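The values are calculated or read from the model by the stated rules, or taken from the named source; none is laboratory data. This is a predicted model, so every value here is computed, not measured. Positions of Cβ are backbone-derived with ideal geometry, glycine not excepted, and every protein chain shown enters the neighbour counts.
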Amino acid sequence: MSETLKQYNAARRVSVPLVVWKTPDAAATISSVKNSEKADYPIFSWDIVRGVMPVNDQAMGKGGQGIGIGNPPDMLDAAQKLPKHSVLFMHNAQRFVDDSTVLQGIWNLRDTNKSEHRMLVLLAPQMRTPIELSNDILAIDEQLPDAAQLRDIVEAQISHAQVGAKESGVKFDGVTSEGIDRAVDALSGLSAFSAEQTVAVSFEKNGKGVVLNPVTLWDRKRQAIEETQGLTVWRDGETLDDVQGCSNIKNFVGKVIGGMQPRGVVFIDEIEKALGGASGDSSGTTQDQLAVLLKEMQDKKAEGILFVGHPGSAKSMVAKATGNTAGVVTISLDLGAMKGRHVGDSEQAIRAAMKVIDSVSQGRALYIATCNKIMGDSMPPELKRRFTLGTFFFDLPTQEERAAIWKFYLKKFGLKGNPNDIDGAGWTGADIFNCCKRAAMFKCSIVESAKYATPICKTDPMAIEALRNVADNAFISANYEGLYRKNKQTVVVPKREMRFD
């Protein structure tokens with residue numbers, strides 16, 4: 001019996017009248033209750049299309065059927081007349097609780113349900129309990145399936161596939177233990193129903209018979225993650241070997257991967273824009289996101305690294321390459337995309353995202369956040385403290401680093417030309433990438449392409465100097481060992497000293 005089902009049964013024993021059950025799969029939740037050996041009482045469900053419907057034999061013919069179609073208040077009023085000891089599940093409750101009439105209807109059931117030993121269960125993927133009900137309602141939070149539950153699902157589907165293959169006269173040797181482990185890893189973060197369906201459609205025929213295709217499993221996993229508001233999966237294949245320069249942070253991240261062995265990387269780009277100034281947020285949305293993120297990282301003892309530096313200085317590239325280097329999924333967490341129009345939408349979105357991240361990473365997520373500005377109140381101090389592995393400063397690349405970057409991108413885009421012919425002092429890796437990309441697109445020389453460049457060293461030199469002053473002797477250098485020292489910045493040597501073989 002699952003932990004959440006135990007909590008539900010315990011609540012019934014003491015006649016808890018109102019329950020919020022946060023679940024990624026409402027149908028599976030009701031089924032688990034119905035099939036429980038203790039379910040010897042009437043069970044009903046309600047949704048806005050079908051109204052009240054009996055779930056088990058004990059509920060058949062006991063009243064309420066069809067009531068509340070399209071009208072939740074009618075259903076809540078009729079719920080007071082359901083049989084003693086019955087349970088009523090309300091689907092998608094998060095869509096209705098902000099209505100004052102619905103809220104009152106739920107509250108009206110508190111005392112009558114208590115005296116008649118009935119229970120109203122509000123089902124929702126995520127939901128913040130309205131303050132009017134906070135003292136009257138019990139919350140049950142069902143997590144996504146763990147590795148053991150997913151293994152059971154995979155093995156059950158393999159058994160079904162073996163039976164089907166035998167009936168069809170097709171060879172199927174089963175799946176090795178290692179194959180099952182890989183499948184479980186690929187399915188982490190999916191609901192039980194979604195995991196079951198994903199495995200079922202991942203069996204494919206090849207020349208040797210039926211096999212379980214891991215590519216299909218991973219594709220479905222990526223799709224499932226991206227169905228969560230604010231989450232996307234980094235799909236490009238760059239590793240830290242593709243990052244030129246930044247030797248100190250590459251060495252450090254390699255040690256983190258080897259020591260921590262993360263099961264997922266969470267990338268938050270420009271975190272200061274998403275969470276900076278949370279204390280002045282009148283809507284409370286940013287404050288809530290900050291509180292949820294802080295709590296998640298604290299409760300899970302999650303490790304984090306903060307990358308500070310100029311735009312285009314390889315912060316994002318290193319962060320995104322970390323997951324591929326570790327052989328795990330990199331999830332981009334876009335806090336701005338989680339802010340909804342309706343009351344409660346944003347709160348639900350950030351909690352749903354954290355639940356998926358925790359499940360996908362199996363509780364071992366490495367958080368990497370980038371920041372272009374860290375002066376003043378751009379980042380709350382309590383947020384900085386969560387990034388326990390340190391703050392690294394990415395300065396403009398040195399002469400030697402620029403040479404390596406030019407060489408890398410000239411080869412990547414199949415270009416020829418001598419960067420010595422370009423006044424590229426102070427260019428970032430992104431500036432060099434964009435120059436080579438334009439040259440390939442326009443089918444012109446890199447010298448011609450450079451005429452359209454707008455490097456940050458030219459457009460905003462004061463911002464570069466200000467950030468260097470903040471980082472001086474305060475942050476770890478991404479380029480060399482030890483703290484960043486402003487006076488250690490390599491002086492640009494004459495162009496004639498650059499050599500490209």
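For the range 147-156, the set of residues classified as within 27 Å of the chain's Cα centre (by Cα) and either not charged (D, E, K, R) or not assigned by TED's automatic domain parsing to the domain that holds Ala192 (or both) consists of Ala147, Ala148, Gln149, Leu150, Ile153, Val154, listed by residue number.
Of all residues in the range 402-425, those satisfying the criterion of being part of a helix (DSSP H, G or I) and farther than 14 Å from Ala439 by Cβ are Arg402, Ala403, Ala404, Ile405, Lys407, Phe408, Asn420.
When every residue of the range 307-319 is checked against the conditions, none turns out to be assigned to a helix (DSSP H, G or I) and of a type in the set (Phe, Trp, Tyr).
The residue pairs whose first member lies in the range 186-209 and is touching a residue at least 12 places away in the same chain (Cβ under 8 Å), whose second member is basic (Lys, Arg), and whose beta carbons are closer than 6 Å, counting only pairs six or more residues apart or on different chains, are Ala186/Lys221; Thr198/Arg220; Gly209/Lys171.
Here Leu333 clears all of (1) of a type outside the set (Ser, Thr, Tyr); (2) under 30 Å from Ile131 (Cα atoms); (3) surrounded by fewer than 20 Cβ atoms within 10 Å (Cβ to Cβ) except the condition numbered (3).
Identify the residue in the range 77-91 that is of a type in the set (A, V, I, L, M) and either in contact with a Cys (Cβ under 8 Å, 6 or more places away or on another chain) or in a helix (DSSP H, G or I) (or both) and, among all such residues, is surrounded by the most Cβ atoms within 10 Å (Cβ to Cβ). Restricting to residues being of a type in the set (A, V, I, L, M) and either in contact with a Cys (Cβ under 8 Å, 6 or more places away or on another chain) or in a helix (DSSP H, G or I) (or both), the top hit is Ala79. Residues that are more than 32 Å from the chain's Cα centre (by Cα), in contact (Cβ under 8 Å) with a residue 60 or more places away in the chain and under 20 Å from Leu5 (Cα atoms) within the range 82-112 comprise just one, Val87. Scanning for something over 26 Å from Ser115 (Cβ atoms) and surrounded by 21 or more Cβ atoms within 10 Å (Cβ to Cβ), does the range 35-51 turn up at least one residue? Within the range 35-51, not a single residue is over 26 Å from Ser115 (Cβ atoms) and surrounded by 21 or more Cβ atoms within 10 Å (Cβ to Cβ). Of all the criteria given as (1) closer than 28 Å to Glu227 by Cβ; (2) of a type outside the set (Gly, Ala, Ser); (3) in contact (Cβ under 8 Å) with a residue 40 or more places away in the chain, the one not satisfied by Leu138 is (1).
Scanning the range 56-76 for residues that are surrounded by 20 or more Cβ atoms within 10 Å (Cβ to Cβ), within 38 Å of the chain's Cα centre (by Cα) and either assigned to a loop (DSSP other than H, G, I, E, B) or not aliphatic (A, V, I, L, M) (or both) turns up Gly68, Pro72. If you go through the range 456-471 and keep only what is free of Cβ contacts under 8 Å to residues at least 60 places away in the same chain and either touching a Ser or Thr at 6+ places or on another chain (Cβ under 9 Å) or crowded, with 16+ Cβ neighbours inside 10 Å (or both), you end up with nothing. Entry remark, the range 187-204: residues being in a loop (DSSP other than H, G, I, E, B), under 21 Å from the mean Cα position of the chain (by Cα) and more than 12 Å from Ala27 (Cβ to Cβ) number 3 in total. For the range 339-377, taking the residues that are small (Gly, Ala, Ser) and within 26 Å of Ala471 (Cβ to Cβ), the one that is modelled with the lowest pLDDT is identified as Gly376.
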